[in-house]
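Chemist: Sharing a structure below in structure tokens format, with a few things to ask.
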Amino acid sequence: QVQLVESGGGLVQPGGSLRLSCAASGSIVSITAMGWYRQAPGKQREFVAAITSGGSTNYADSVKGRFTISRDNAKSTVYLQMNTLKPEDTAVYYCNTAYWGSSYWGQGTQVTVSS
């Protein structure tokens with residue numbers, strides 16, 4: 001059983017920054033791809049960013065140049081550094097991974113961008 005726990009969300013003004021963390025049980029961060037998704041009110045969950053076990057990264061067009069995904073294998077944690085935040089980034093952010101054929105999600109962390 002894989003457990004993912006997100007943290008770091010909050011209220012921030014437009015143009016501000018936040019860093020989200022996703023702590024994973026065991027040492028799966030070093031051997032599996034990890035991703036961040038988000039879901040805004042009334043909208044479907046959407047892909048934000050992903051990092052492979054080899055360190056390759058991929059981003060949604062809407063966050064390229066503003067968000068950076070990274071991982072710390074020793075801490076079994078994946079991060080999402082979010083800069084130049086916009087009101088449209090407001091959503092619940094979820095961490096995700098697939099392991100041994102099953103998909104796992106964290107409980108989510110709320111990010112609100114508002115003045």
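The values are calculated or read from the model by the stated rules, or taken from the named source; none is laboratory data. This structure is a prediction, so every number in the text was calculated from the model and none was measured. Counting neighbours? That spans all protein chains shown, and the Cβs are built from the backbone with ideal geometry, glycine included. Surface areas here come from the heavy atoms of the whole protein model, side chains and all, with no ligands, DNA or RNA. Shrake-Rupley method; radii C 1.70, N 1.55, O 1.52, S 1.80 Å.
Chemist: Working with all protein chains in place, sort Asp89, Asp61, Asp72 by solvent-accessible area computed with a 1.4 Å probe, largest first.
Modeler: From most exposed to least exposed: Asp61, Asp72, Asp89.
Chemist: Show me the trypsin sites (Lys or Arg not before Pro) within the range 1-87 that DSSP assigns to loop and that have at most 12 other Cβ atoms within 10 Å of their Cβ.
Modeler: Sparse-neighbourhood loop trypsin sites (Lys or Arg not before Pro): Lys43, Lys64.
Chemist: While we're on this one: For Val5 and Trp100 in one chain, what is 0.36 nm times their gap in residues minus the Cα-Cα distance, to one decimal in nm?
Modeler: Extra length from Val5 to Trp100 when fully extended: 32.3 nm.
Chemist: Taking 7 Å along the Cα-to-C-beta vector as the label spot, tell me the Gln107-Asp61 distance in nanometres, rounded to one decimal.
Modeler: 3.6 nm
Chemist: What span do the alpha-carbon atoms of the chain cover on each of the three principal axes, reported in whole Å from largest to smallest?
Modeler: Ordered largest first, the chain gives principal extents of 41, 26, 23 Å.
Chemist: Set the Förster distance to 35 Å, then compute FRET efficiency between Phe47 and Ser115 from the Cβ-Cβ distance, nearest 0.05.
Modeler: According to the calculation, E is roughly 0.80.
Chemist: Given a 1.4 angstrom probe, what's the average accessible area per residue across the chain, in square angstrom?
Modeler: Result: 52 Å² of accessible area for each residue.
Chemist: Once neighbouring chains are kept in place and the probe is 1.4 Å, which whole percent of the accessible area of the chain is contributed by carbon and sulfur?
Modeler: Whole-percent figure for carbon plus sulfur exposure: 48.
Chemist: Please report the antiparallel percentage of DSSP beta bridges with both residues in the chain, rounded to the nearest 5.
Modeler: That works out to approximately 90 percent antiparallel.
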